[in-house]
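Only one structure is covered here, and it is reproduced in the block below.
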Amino acid sequence: MVKLAANLSLLFTEHAFLDRFEAAANAGFKAVEFLFPYDYPPALIQERLERFGLQQALFNAPPGDWDGGERGLACIPGREEEFAAGITEALRYAHILGNRRIHVMAGIAPATASPAQARACYIRNLRAAAQAANAEGISLMIEAINNVDMPGYFINYQEDAAELIDAIGEPNLRVQFDCYHCQMMQGDIVATFHRLQPYIDHVQIAGVPGRHEPDSGELNYAFILAEIDKSGYNGFVGCEYQPKTTTLAGLGWKDRL
């Protein structure tokens, strides 16, 4: 059976963030993920994890000015020091939370940088970040994000994420395989997962279209998750979707897997 992780940035938002850990545990989740922990001291989050018997599956490195529209710094020339400082902070949180996977968002390349410059910057930044993370036994995730929800994002296709991992050449760089983004860009979820499985160390799910519950829309997640389970994949499956109403009202899909 796949190991589900509740994404606390999107689920249980009926509660304050620190109260979502208890809500997730009460709903039967054994693990959680979220976008960014940096508004809270890591010890406070760690206490919630321990109190409610939850494992931290994943969180993101600092993305730059999120409210200002930035979606990562890795591909942006001239922001290397800020990127490196963000990786250091993410590793500090990961150490305290017992988290072994950090998603590093690539960013939206500025018009002032050519595609070759953005790519070269990304490779340099991720290579240095991966080496720092590897020293602490932590893997960094690379995710392809669709260009409808996030126009201009540096990585859009699953194969592009895998190709960048090969180009960077560090053993702890892995693919974060988001079924929603894959369907939005290219479809063929199961075949793509099997083709790229040697690279994959985290999976995320949501319904298409709308990014709502996994049992809504055009994807058959009972089939998809069964195929992922049969493949031998033993990582987490993050529930990164936006409930149509309340989180609990839409959780029936989980019991039907």
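Contact map, segment 28-42: first residue within 21 Å of Leu251 (Cα to Cα), second residue among the aliphatic types (A, V, I, L, M) and part of a loop (DSSP other than H, G, I, E, B), Cβ cut-off under 8 Å, separation 6 or more or different chains; pairs are Phe29/Leu54; Lys30/Leu54; Ala31/Leu54; Val32/Leu8; Val32/Leu54; Glu33/Leu8; Phe34/Leu8. When Leu8 is tested against (1) open to solvent by 40 Å² or more (accessible area, probe 1.4 Å); (2) closer than 23 Å to Gln176 by Cβ; (3) in contact with a helix residue (DSSP H, G or I) (Cβ under 7 Å, 6 or more places away or on another chain); (4) among the hydrophobic types (A, V, I, L, M, F, W, C), just one condition goes unmet, and that condition is (1).
Of all the listed residues (Leu49, Leu58, Leu54), the sole one being modelled with pLDDT of 95 or more, open to solvent by less than 60 Å² (accessible area, probe 1.4 Å) and touching an Asp or Glu at 6+ places or on another chain (Cβ under 6 Å) is Leu58. Applying a threshold of 8 Å to beta carbon distances and a minimum spacing of six or more residues, or different chains, the list of pairs starting in segment 102-129 at a residue that is free of Cβ contacts under 8 Å to residues at least 12 places away in the same chain and ending at one that is among the hydrophobic types (A, V, I, L, M, F, W, C) reads Pro115/Ala109. Within segment 64-92, take every residue that is of a type outside the set (A, V, I, L, M, F, W, C) and crowded, with 22+ Cβ neighbours inside 10 Å and give me the one that is farthest from the chain's Cα centre (by Cα). Selected residue: Gly86. Which ones in segment 128-185 are open to solvent by 20 Å² or more (accessible area, probe 1.4 Å) and of a type in the set (Phe, Trp, Tyr)? Within segment 128-185, Phe154, Tyr157 qualify.
Listed by position, the strands (runs of 3 or more DSSP E) enclosed by segment 1-78 that each have at least 1 residues that are touching a His at 6+ places or on another chain (Cβ under 7 Å) and within 20 Å of His103 (Cα to Cα) are 55-60.
The values are calculated or read from the model by the stated rules, or taken from the named source; none is laboratory data. Note that the structure is predicted; figures quoted are calculated from it, not measured. Note that we place each Cβ from the backbone using ideal geometry, even for glycine, and neighbour counts take in every protein chain shown. What goes into the accessible areas is simple: the full protein's heavy atoms, side chains included, and nothing from ligands, DNA or RNA. Shrake-Rupley method; radii C 1.70, N 1.55, O 1.52, S 1.80 Å.
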